[in-house]
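Visitor: My questions all concern the structure below.
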Amino acid sequence: SQRLARRDSVQNGKMVMWPTVLVNVMVLGVVSRSRNGVLREPTTAHEAFVLPCRGAVTGIGTTTNCTFYVSSSSPHASDANSGTDASRPLATLGGVMTGGAAGLLPGDRVLLRRGDEWDVGPDGVTLTGCTAPSLAGCPSHCVCTVDPAVLGAGSSPAAPVLIGAYGDAAAHRPLLRGVLAPGSHVLGGVNLQQIQIVSVGFTAAENGVSLRFTDRQGRYTGASFRDCDFHDIQWANFTSNITVIYGGGNAIQLDYPFADDCQAPGAPCPTPLLADLEISNCIFERVDMAFASRVARTGLPLGVRDGVSTHNAKIHSNLFVNCSFNTVMVDGATQMSVQHNVFLRGQPRMLFGYGTTDVIIAYADDSTIVANNDFTLRGEHAGDPDGCPIDLETDSKNLILGPNNTFYKSVAASVNVFGHTFAGGPPKTSKNLTIIGNVLVEVGCLQGLAPYKVGSSDRGAIAFDLPNGTGVIKQNLIVKCPDPSVPLWGGPAGYTDGFRFVQNTIVTPTAGAALVVDMPTITHDDESGSKWPHLHAECSTPEATLRYTLDGSRPTEHSSVWPPSVGDERDARTAVLIRAFKDGLFPSTTNGLVV
C-alpha cells in the first residue's frame, strides 16, 4: 500500500487518479492518502466512502458513520481535508460534497463550528440527493439514501443525515449568509431525503432553505429543522405596491416545479410531496414567509389540484416575529399539527395586494389541528384586506382550530372562513370545521376602516367570506371590540347558516379585563444589548406571575418564573418569550423579542 500511495502525484495542478483495477483493491479497506495526509478525490462509488471512520459497507448499513467538522475560523481548515478530525476541519459546507468527504451516507453528521460565519454568495450551497438499492451502491458527491422500496423484507429506511453545530454552546449558531438577489438561496436541497438541520443560522437571501425536485416522482421524507435561526430572508423584488401570491422571501420552501402534473386531468402529482416534516424551536424574524409548501401553477386558480403537498407535518414551539407575508403557507395538508407557537407582530413591509396572514391553508383534510398557539397583534398594510391570524383559503375538511389558541388584537378577524368558486361551480368552502376552546380578544376591530381596506368583510371575531361552509363554533371566550358597531361574525347574511354556535362566552372589553390577564410589556435599556439584568418585563394585571421560555415555545404555567438568573446570559440569538398567569383567569397572550 505504501508503494501504491507513492504513485499519487500532481500534474498541472490536478491529482493523478489510479487505474480502476487499483480502486477495486482499495475497497478491501486500504486508505489512500496523498503525501500531505489528506484523502484524495474518489473516482468511483465504492471508493468515495473509504475513510477511517467507515466500517464495512454492507447491506443497508455501516458498522460506523462519519462525523465531518466544518470551520471558517480554524487555521487548518481546508476542503481538501477529510473533515473527520475537528483539528483539521473542512472549510465550507460544500466541502462535504466536493472535497475530501466526497459525499454523505445515511447516519453521517456534518457539524459546523459555533461562532463561525460563511458568506455563501447568491447561489448558496447546494446538496444533491441520490438513492441506491444499498449503501454499497451509493455514488460519490451526493447525499445518499437507500430507497425503502428496494429493501428486503423486514428492513427499515437508513438513518437521516444531520447538519448541526459543535463547539462552545454559549456561542451563536453557525451562520450561513447569502446575498439578497432574485432567486438567491442560502442552502439548496435537490432530491434530498431524511435530512435533519439543527442549530444552524440562515440570513440575507431571497430564500433560506429551498427544497426542490428534478424528478417528477420526487418526494421529501423526514426533513427536520430544530433550533434554527432564520432572519432577514425577504423577497428581493421589493416594490411599494404589488399583487402576488408566490414570490421569494421563504425561510423554508418546498417547491414542486412540475405544475401540469398536479393540474392536468388524470395526471395528479405525487402524494404527498412532503411527508413527516418537523419544524420546532426555531426563530423566524423579518422573513416574508417562514414555511411555504406549494405547487407551481400555470395560470390556474388556487385549489385546482389533486393530492396533497404535506402529510404529517409538525410545526411546534417556534417564534415567528415581524414576519411580512403569509407566515406559514400550506397548499394541501393531511394530519398537520401547528402547536405551541408564538406568532408575534406580523406586519407587511409592502402592499401585497391579496393580503397577509399568520397561517394560510389552501386545503386541509384528515384532522389537521391548529392549537395552543398565540397570535399577537397581527398587522396589515394600509389598503390591503386580511390581516387575519388564520385564513382558510379553500375547501378544508375536518380541520380543528383549538383548543387554547389566543387571538389578540389582530387587524382583521381571528379566522377567515374563505373559499373560491371555480369554473362557475359551487363555492369551495371549508366543511366540518371545528373552532373550539379559544380566547379572542378584540380581534377584527380595525379591518374595513381607513387606512385599511374600506368595506372589507373580514371584520369581527370570525369572518365568513363564502357560503356553504359547515362546522361548529364552540366554547370560545370572545371579548368584543370597543366599537359596538363591529359585527361579531363578519361576512354577508346567510354565510353562517351551515355553522352551529354552542356555549360561547361573549363579553365587553371591560368584562374581558376581569377574565383575561393583560399582555406583559417588555423593555430593555440601551447600555445592555441583550443582558438579562437590563431586560425588564411587567404586567398591569395585579398579582400576575410572569413566566418565560428561551427555546421558542409558548410559555405555560409550568415554565420558569421571570426573570432568568444572571448567569443564564448567552451570545446566541435567543427568543425571549414572556406570558402572564393568574389563578382563576385565562392566561395572557405571549409577548417577546429576540436578543
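Visitor: Largest first and to the nearest Å, give the Cα extent of region 357-455 along each principal axis.
Guide: 36, 36, 14 Å, listed from the longest principal axis down.
Visitor: Hey, another quick one. Add +1 for every Lys or Arg and -1 for every Asp or Glu among the other residues with Cβ under 9 Å from the Cβ of LYS314, and state the total.
Guide: Result for the local shell: -2.
Visitor: Could you pull out the chymotrypsin sites (Phe, Trp or Tyr not before Pro) across region 318-352 that fall in loop regions by DSSP (anything but H, G, I, E, B) with no more than 12 other Cβ atoms inside 10 Å?
Guide: none
Visitor: Please sort 497-503, 164-170, 414-420 by packing, taking for each peptide the average over its residues of neighbouring beta carbons within 10 angstrom, highest first. Each step should come with its number before you reach the end.
Guide: Values: 497-503: 13.1, 164-170: 16.0, 414-420: 27.0.
Highest to lowest by the protection proxy: 414-420, 164-170, 497-503.
Visitor: Past 27 Å, Cα to Cα, is the threshold; run LYS453/LYS480; LYS409/LYS474; LYS397/LYS453; LYS314/LYS480; LYS314/LYS397; LYS428/LYS480 against it and keep the listed order.
Guide: Details: LYS453/LYS480 21 Å; LYS409/LYS474 20 Å; LYS397/LYS453 29 Å; LYS314/LYS480 32 Å; LYS314/LYS397 18 Å; LYS428/LYS480 29 Å.
Result: LYS397/LYS453; LYS314/LYS480; LYS428/LYS480 exceed 27 Å.
We did not get these values from a lab; they are worked out from the coordinates using the rules stated. These figures come from a predicted structure and were not determined experimentally. Quick reminder, even Gly has a Cβ in these numbers, built from the backbone with ideal geometry, and neighbours come from all protein chains shown.
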